[in-house]
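The values are calculated or read from the model by the stated rules, or taken from the named source; none is laboratory data. Source: prediction; values computed, not measured. When we count neighbours, we look across all protein chains shown, and the Cβ atoms used for this are built from the backbone with ideal geometry, even at glycine. Keep in mind that these areas ignore ligands, DNA and RNA; they rest on the heavy atoms of the full protein, side chains included. Shrake-Rupley method; radii C 1.70, N 1.55, O 1.52, S 1.80 Å.
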Amino acid sequence: PAWSVGIGLAIMFGHRVLAAPFMAKFADARCLWCGRAGAAEPLAVVSGGRRWSMRACSARHATLVRRFLGFVYRLRAPIALGIFVPLAWLLAASLAAAAGHPLLPHATNAMLFRVVVAATVLAASAGPLVPLRPAARAEPGADARGPAGEPARCPFPLHNLFLLGIGNTLWIFRVVGAWWLADALLRR
């Protein structure tokens, strides 16, 4: 487990070295929704305290991006908890097992991680289906768009979504999440 944890941490923290510069280079040329090159619809997004001039292929893709980001922005705390608490548990449990003091059997730790993360990403993948709140009716800061004319806000590292495009990333969430939940039910 120690080698696995080390490699996992290196990938988790090291991927920014490649992903963030890639996003910076192509942010104004690739569609944030589908990842296609040549996107022309302007789309402003704030992430990590920086305003990004992104693009979408069409007004429809721009709307899907805004819907998803609005949804995850409103639910950023439960989504973060649903991903990072099971990750922290799995990391702690793996390190404890590597030290010879397992907290629970590894299969149980892995199952807990998979079920909670799968439920979280499946719920988050519904974001594009949720209409944006009208700016006039929404309480301040409730929507990722903010007041009219302000950019969408991404509460999580945007480069993770940019690499494949949000739409493609959400399909991976749906497929892997559904598989992990089905696998958990089959192993009961």
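List of remarks:
- Test: residue in the range 49-57 that is open to solvent by less than 60 Å² (accessible area, probe 1.4 Å), under 27 Å from ALA184 (Cβ atoms) and modelled with pLDDT of 90 or more: no
- Lone unmet requirement of (1) touching a helix residue (DSSP H, G or I) at 6+ places or on another chain (Cβ under 6 Å); (2) at pLDDT 95 or above; (3) assigned to a helix (DSSP H, G or I) for VAL5: (2)
- Tally, over the range 162-173, of residues that are out of contact with any strand residue (DSSP E or B) (no Cβ under 7 Å at 6 or more places or on another chain) and surrounded by 15 or more Cβ atoms within 10 Å (Cβ to Cβ): 7
- The requirement of being modelled with pLDDT of 90 or more, within 29 Å of ARG153 (Cα to Cα) and open to solvent by 30 Å² or more (accessible area, probe 1.4 Å) is satisfied by PRO78.
- Filter result for the condition that a residue is under 13 Å from the mean Cα position of the chain (by Cα), surrounded by 14 or more Cβ atoms within 10 Å (Cβ to Cβ) and modelled with pLDDT under 95, over ALA93, ALA123, ALA118: ALA123
- Counting only residues that are touching a residue at least 12 places away in the same chain (Cβ under 8 Å) and part of a helix (DSSP H, G or I), the range 49-62 holds 3 of them.
- Scanning the range 16-48 for residues that are outside any strand (DSSP E or B) and open to solvent by 60 Å² or more (accessible area, probe 1.4 Å) turns up ARG16, VAL17, LEU18, PRO21, PHE22, LYS25, PHE26, ASP28, ARG36, GLY38, ALA40, GLY48.
- Those residues of the range 96-105 which are open to solvent by 60 Å² or more (accessible area, probe 1.4 Å) and out of contact with any helix residue (DSSP H, G or I) (no Cβ under 7 Å at 6 or more places or on another chain), in sequence order: ALA99, HIS101, PRO105
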